[in-house]
């Protein structure tokens, strides 16, 4: 019997099931039924305290929207994981399922989690449909700096190359944003500025921080992040440090020898070109106004 035939009987055993896929790999299952369900390789837990409001779905490209509401429990969504951002943009699927025969089900929503708010030991999460990314601004910007992210498909630089990354244990943490590690001889001084810090172990494992400053102090490498990680980092935790790029043509050519993949326009006229005028003592040759 199909789900539609089951619904047509008028006496139904229907519930909802949610599968939440975090960006770092884990897939969590929840259901509003009073017993656990299992299908598609996911166990949907009944004790997670998750429920959802009515879905609003329309034809065309309008964004489907709804909300999921639940209690913060160790067995379900944990507050520390939400604070750490582990559910930001997590993929979400919702089924309507016959709990007496889970083969009778239909997918009624596919999308991602949006804004998550917490209050009084509970959470409220916005659900965003698949058309949500279509409303985001896109397109290429023409400017002197590189538009690629170091190591992405546009840049193509290998961040695993020797001399461009290092793994080290944390020695000390100050105010959550200043991190001290042991001396690193394989990477040039200051090269981690504007780079990335990836946490490989500890409570913050899997999180990524963006490095603002890199300097030496008291024999240690001191890294200052733009924003503190959203989970505690402790001495002894292992981190991976990747060099940074200021997106200038000279840096691409001299530090990375990657000018072939530079995604900017270093000779494009700047805003001052629009108001420039000839000067008696200037070189009015019509030559390049910018050098790389």
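Taking the stated definitions as given, is residue 50 within 15 Å of residue 94 (Cα to Cα), modelled with pLDDT of 85 or more and assigned by TED's automatic domain parsing to the domain that holds residue 82? Steps first, please.
Working: within 15 Å of residue 94 (Cα to Cα): yes; modelled with pLDDT of 85 or more: no; assigned by TED's automatic domain parsing to the domain that holds residue 82: yes.
So residue 50 does not fit the description; no.
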Report task. Check the stretch 230-251 and report whether any residue there is under 24 Å from the mean Cα position of the chain (by Cα), more than 24 Å from residue 184 (Cβ to Cβ) and at pLDDT below 95. Result -> yes
Requested in this report: Could you tell me whether residue 7 is over 28 Å from residue 205 (Cα atoms), surrounded by 13 or more Cβ atoms within 10 Å (Cβ to Cβ) and at pLDDT below 85?
Outcome: yes
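Taking the conditions exactly as written (closer than 21 Å to residue 33 by Cα and free of Cβ contacts under 8 Å to residues at least 40 places away in the same chain), does residue 105 satisfy them or not? Give the steps one after another, and end with the answer.
On the way: closer than 21 Å to residue 33 by Cα: yes; free of Cβ contacts under 8 Å to residues at least 40 places away in the same chain: no.
Taking the combined requirement at face value, the residue does not satisfy it.
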Report task. Select from the stretch 2-34 the residues that are assigned to a loop (DSSP other than H, G, I, E, B) and more than 21 Å from residue 78 (Cα to Cα) and list them in ascending order. Result -> 2, 9, 10, 11, 12, 13
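Has the stretch 234-250 got at least one residue that is farther than 30 Å from residue 181 by Cβ and in contact with a helix residue (DSSP H, G or I) (Cβ under 6 Å, 6 or more places away or on another chain)? Reasoning before the result, please.
First pass over the stretch 234-250, keeping only residues farther than 30 Å from residue 181 by Cβ: 249.
After this cut, where a residue has to be in contact with a helix residue (DSSP H, G or I) (Cβ under 6 Å, 6 or more places away or on another chain) as well, the list is none.
No, the stretch 234-250 contains no residue that is farther than 30 Å from residue 181 by Cβ and in contact with a helix residue (DSSP H, G or I) (Cβ under 6 Å, 6 or more places away or on another chain).
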Query raised in the report: Which one of 180, 174 is more than 20 Å from residue 248 (Cα to Cα), surrounded by fewer than 16 Cβ atoms within 10 Å (Cβ to Cβ) and more than 23 Å from the chain's Cα centre (by Cα)?
Result: 174
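The values are calculated or read from the model by the stated rules, or taken from the named source; none is laboratory data. These numbers come from a predicted model, not from an experiment. Neighbour counts are summed over all protein chains in view; Cβ atoms, including those assigned to glycine, are modelled from backbone coordinates with ideal geometry.
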